[in-house]
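A short worksheet on the structure shown next.
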Amino acid sequence: MSVLETTLCSQLSIESPIVQAPIGSVTCPELAAAVSNAGGLGMLAVTWRDIDETRAVVRETRNRTDEPFGVNLVLDPETAEIPTEEHLNVCLDAGVPIVSLSFGAAKPYVERIHEAEATVMQSVGSAAAARAAVDAGVDVIVAQGWEAGGHIQSEVATLPLVPRVVDAVPETPVIAAGEIADGRGIAAVLTLGAAGAWLGTRFVATNEAAAHEQYKQRITEATETETAHTELFDKGWPGTPHRTLRNSTIAQWEQAERPPPGQRPNETEKIAESASGKPLERYGDDPPLPDTQGNVEAMALYTGQSAGLVNGLPAADTVVNGLTAEAINAIETMAETAPGSQS
């Protein structure tokens, strides 16, 4: 039995309690399937896809793996070009076994998910939100600390948040999220009572992730001090805090003394173009994807404070296997050095 086998593993039918965060448009079938095939849980973000694309990526992921994988739906209506119910029905009809919900109340969707015999996870940023989610019937809680990359629901750091949430919902598995990027971090949150770890930044910087190579490289070169927590990249999802790498867009805005939307430097400037020819403006919420052309550096480079722990661009299965081995080693080392342990 693996040292890392937790209640989350049995509940989700996975081998290692490592979850690849649903990192927006950067998720893809190649990444999700690779993580699941390696024993973790791969995830797809589908909120920003149309129905046909959602159906296609779910089908391709299933073609690549026989293991469980999940989808994430953002419930904030500001993001929804496609109603949540339509996306949810497509995913459940395709047999997706795990649905992750964030930025909204899970209650309207829990019964439908359970009817499909799927597991529902909810991301929260406080103990009170965790209790409300469990009362609504949520099966697994994701406790996201404010160090995380991408859009953030919490004002609390991961280390104080996780034990608060664990204590608030003692009968429910809790996954810790927020800048865990190596096995030591996984071991740490397990000792706090978490049943698993949710990693985003580490999986953006992998071979399979659908991120632009310049974006991936910036992550591997960054330190823990090179991120910014703002609401700056708001075109497409206004009013929601997020953490990104510092770049020229942030520098220009700070030099202008942080003016509000409508008064920011070069507000309507087209800085890049998507593969389909869609113009991408400064302050847009789109991350740079592999075929993005233009000033990639100036776009939203969603990254958490764990960037300083990310080295190289390995394959996703190498990451899962390495994280598992590192976490086991960290746990065994703690046991060996604990007071009263036998040498």
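The values are calculated or read from the model by the stated rules, or taken from the named source; none is laboratory data. Quick caveat: nothing in here was measured; it's all calculated off a predicted structure. Cβ sites come from the backbone with ideal geometry, for glycine too, and all protein chains shown count toward neighbours.
Considering only region 196-249, how many residues are of a type in the set (Phe, Trp, Tyr) and more than 18 Å from Tyr283 (Cα to Cα)?
Number of matching residues: 2.
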Output the residues belonging to region 60-74 that are in contact with a Ser or Thr (Cβ under 6 Å, 6 or more places away or on another chain) and of a type outside the set (Ser, Thr, Tyr). Glu67, Pro68, Phe69, Gly70, Asn72, Leu73, Val74
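A quick yes/no check of all residues on (1) more than 22 Å from Gln305 (Cα to Cα); (2) surrounded by 20 or more Cβ atoms within 10 Å (Cβ to Cβ); (3) small (Gly, Ala, Ser):
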| site | (1), (2), (3) |
| --- | --- |
| Asp139 | yes, yes, no |
| Trp146 | no, yes, no |
| His151 | no, yes, no |
| Val174 | no, yes, no |
| Glu179 | no, yes, no |
| Arg184 | no, no, no |
| Ala188 | no, yes, yes |
Can you confirm whether Thr206 is in a loop (DSSP other than H, G, I, E, B) and over 25 Å from Thr6 (Cβ atoms)? no
Residues of region 74-106 being among the hydroxyl-bearing types (Ser, Thr, Tyr) and in a helix (DSSP H, G or I), which ones? Thr79, Thr84
Working only within region 14-45, note down all residues that are touching an Asp or Glu at 6+ places or on another chain (Cβ under 8 Å) and either among the β-branched types (Val, Ile, Thr) or not assigned by TED's automatic domain parsing to the domain that holds Glu86 (or both). Ile14, Val35
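Could you check region 261-308 and list, in sequence order, the residues that are of a type in the set (A, V, I, L, M, F, W, C) and surrounded by fewer than 17 Cβ atoms within 10 Å (Cβ to Cβ)?
Residues of region 261-308 that are of a type in the set (A, V, I, L, M, F, W, C), as a first pass: 271-272, 275, 280, 289, 296, 298-301, 307.
Residue satisfying the conditions is Ala275 alone.
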Positions within region 167-179 being at pLDDT 95 or above and not in a strand (DSSP E or B), in sequence order: Asp167, Ala168, Val169, Pro170, Glu171, Thr172, Pro173
Which of the residues that make up region 82-122 are free of Cβ contacts under 8 Å to residues at least 60 places away in the same chain, aliphatic (A, V, I, L, M) and touching a strand residue (DSSP E or B) at 6+ places or on another chain (Cβ under 6 Å)? Val96, Val99, Leu101, Ala106, Val110, Ile113, Ala118, Val120, Met121
List the number of the failed condition for Trp146; all other conditions in (1) among the aromatic types (Phe, Trp, Tyr); (2) touching a residue at least 60 places away in the same chain (Cβ under 8 Å); (3) within 24 Å of Arg55 (Cβ to Cβ) hold. (3)
Residue check for Leu323: closer than 17 Å to Val26 by Cα and either under 18 Å from the mean Cα position of the chain (by Cα) or surrounded by 17 or more Cβ atoms within 10 Å (Cβ to Cβ) (or both): no
